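Okay, so here's the structure we're looking at.
The values are calculated or read from the model by the stated rules, or taken from the named source; none is laboratory data. Keep in mind that this is a model prediction, so the values were computed, not measured. Quick reminder, even Gly has a Cβ in these numbers, built from the backbone with ideal geometry, and neighbours come from all protein chains shown.
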Amino acid sequence: MSVERESSRVLPSIPASPGLIASVLRLLAFIDDLPSGATGMLKFGESGLILLESRKICWAVARSMRLRLTDILRNQSTPPLPREAVEEIYRRCKIDGKPIGEALVMSGLVTEAGLRVALFKHNGEAIAHLAGSGMVPEAFVSHTRTGYDPKFSFSPCEVLAMLGSLDDPARALAAQIELGHTLVPDSFGAAFVRCDAAAGALVIAVDRACDLPVGDLVEVCNWTASLFDVAHTFDPEAALARATWGGHLALVTWRSKDVAYVSLCASRAAAARLVSRLETTAKSSGVIAAAARYGGPA
Amino acid sequence: MIRALGQPLGDAAGANSLDLVCAPASLRTGALLDEALSERVRARLEGLAATLPDLFGTLDPTCLDRIAERLGGEPGDATFGEILLLSDKSLHVIQPLPGQPGVALVAECPATSSIGLVLSAIRARVVELEAV
């Protein structure tokens, strides 16, 4: 029986550098700029590669990374998975040309959730290494072969948030839970903190529906941060805001301690439901007391 | 008409209970456009008005367009409309005037006010202003 500990273990071999997030942003923005259906391989010469399916990240590897997927899978279970069992499946997969992750799930050694966590960490680490090396993709080789399970692929936003979470995994996990409890249908969102190293907003959590280009996500987060900044000059306690645009779209933002949340809603009704949910949260936590009154017509 | 908008909304039935003040302001400079405002009203609105240049026009319109597309909306109207800010103490509203580009109605009332009533009152004032 495996027990996954999502986000509770940092990735020890991610290169620590102040410019890492900026480098990662540039690399992920390159992926965002590919056509929406882009499926194929992003090559970094001998240094590594990223496999994409419909512009989602299925697999990434960098020559400089120290951890292997099997190491991550073994060590995220308590007790660690027996090395022999994992290596036997690895050998079989190598012969049959099958993905090891799915084989481990089939064997019962790893759950789907556990595999997703492990792949997330592996791919995040690889992308951090590729970005940190300063290399730019040499080429994108498209192909029509598909077959990666969407459950095990990741948007650039998710990867950005995962790397942003490393500074304080507990805070990021709490923000992820807050998003999961608060967001409503027809909305998606992200959580961020301020970060000097990122020269602005550092995204620390996103919900899985969030597939904005990373540049746009960061821009919206920065705008939201400045909204609270300027609001502070006339009302330091402002903790909840809603802005509408495009007729029926809305942005709802709220903050709790040093974490700010931003949600983008496809309808005024979704925004109203979201604020209503914030009202419930406010009643139990007292964090956003002002939200308790919010319920007027959109 | 702009002068009238600068007064507390105490004329309409029930508006006294809102303790709502509003006035037009420039989105470009953040200045209140009603020179006849009382000191009390000016003090309540000046800070909010001053933030307008920082709130409008600072987000890349193409970014909002792309987000609108992801949300299933129509690209093209890439500027924020109504903005509400809430705290324990106050409700602040910014309502750009569609018929007067570069001008928004800024409003403030205590947090104890009914937000629905506040928004209705503000929208009614906007309609009045646009009708002139």
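The residues of the range B:109-128 that are more than 8 Å from chain A (Cβ to nearest Cβ), in a helix (DSSP H, G or I) and crowded, with 19+ Cβ neighbours inside 10 Å, listed by number, are B:121, B:122, B:125, B:126. Considering the conditions (1) more than 16 Å from the chain's Cα centre (by Cα); (2) surrounded by fewer than 17 Cβ atoms within 10 Å (Cβ to Cβ); (3) not basic (Lys, Arg), residue A:170 is excluded by exactly one of them, (1). Taken over the range A:88-138, the criterion of being exposed (fewer than 13 other Cβ atoms within 10 Å of the Cβ), assigned to a helix (DSSP H, G or I) and at pLDDT below 85 is satisfied by A:94, A:96. Go through (1) modelled with pLDDT of 90 or more; (2) under 17 Å from residue A:233 (Cα atoms); (3) of a type outside the set (A, V, I, L, M) for residue B:100 and report which single condition fails. Residue B:100 satisfies all of (1) modelled with pLDDT of 90 or more; (2) under 17 Å from residue A:233 (Cα atoms); (3) of a type outside the set (A, V, I, L, M) except (2). State the number of residues belonging to the range A:232-269 that are buried (at least 24 other Cβ atoms within 10 Å of the Cβ) and in a helix (DSSP H, G or I). Of the residues in that region, 0 qualify. If you go through the range B:54-69 and pick out every residue that is in contact with a strand residue (DSSP E or B) (Cβ under 8 Å, 6 or more places away or on another chain) and either within 7 Å of another protein chain (Cβ to nearest Cβ) or among the charged types (D, E, K, R) (or both), you end up with 5. Take residue A:190 and decide whether it is out of contact with any Gly (no Cβ under 9 Å at 6 or more places or on another chain), crowded, with 23+ Cβ neighbours inside 10 Å, more than 7 Å from chain B (Cβ to nearest Cβ) and not in a loop (DSSP other than H, G, I, E, B). Yes: the conditions hold for residue A:190. Taken over the range B:76-95, the criterion of being modelled with pLDDT of 85 or more, more than 7 Å from chain A (Cβ to nearest Cβ) and surrounded by fewer than 20 Cβ atoms within 10 Å (Cβ to Cβ) is satisfied by no residue.
Is it true that some residue in the range A:97-114 is in contact with a Cys (Cβ under 8 Å, 6 or more places away or on another chain) and within 19 Å of residue A:50 (Cβ to Cβ)? Checked against the condition, which is being in contact with a Cys (Cβ under 8 Å, 6 or more places away or on another chain) and within 19 Å of residue A:50 (Cβ to Cβ), the range A:97-114 yields at least one hit.
Restricting attention to the range A:218-236, the residues that are within 8 Å of chain B (Cβ to nearest Cβ) and touching a residue at least 24 places away in the same chain (Cβ under 8 Å) add up to 2. Scanning the range B:93-116 for residues that are closer than 13 Å to residue B:19 by Cβ and either among the β-branched types (Val, Ile, Thr) or touching a strand residue (DSSP E or B) at 6+ places or on another chain (Cβ under 9 Å) (or both) turns up B:107, B:108, B:109, B:110, B:111, B:112, B:113.
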